[in-house]
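Inspection log for the structure reproduced underneath, given as structure tokens.
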Amino acid sequence: MNHDLTTRSVEEQPAARRRQAAQQVTTAQDDWGLVEVGVSPSGEVIEVAVNSALFEQVQPMDLAEAMLQAARAAQRRARQLHR
């Protein structure tokens, strides 16, 4: 019986590591600190946060650029971390 538990836990380890990796979020900000984006290990955008202190001082076009910049940076980091 003890052997069965050991075998099962060894077999479950790779699955547990995959689940943990899937739950990791890689974040990055734009150069102005306006937006922070979080992505999954595959690069999918799953979180976006906007700095409310700066939000009203920014034009919509600049906000869009900040979001893209932060998303691209987070995706780059995720690719590097999860190779």
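The values are calculated or read from the model by the stated rules, or taken from the named source; none is laboratory data. Since the model is a prediction, treat every value here as computed from it, not as a measurement. In this analysis, Cβ positions are derived from the backbone assuming ideal geometry, glycine residues included, and neighbour counts consider all displayed protein chains. Surface accessibility is based on the protein's heavy atoms, side chains included, excluding ligands, DNA and RNA. Shrake-Rupley method; radii C 1.70, N 1.55, O 1.52, S 1.80 Å.
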*Pop out the carbon and sulfur fraction of the accessible area of the range 43-83 as a percent, whole number, probe 1.4 Å.*
52
*Beta carbons within 10 angstrom, averaged per residue: use that to sort the peptides 57-64, 29-36, 68-75, 44-51, highest first.*
68-75, 29-36, 44-51, 57-64
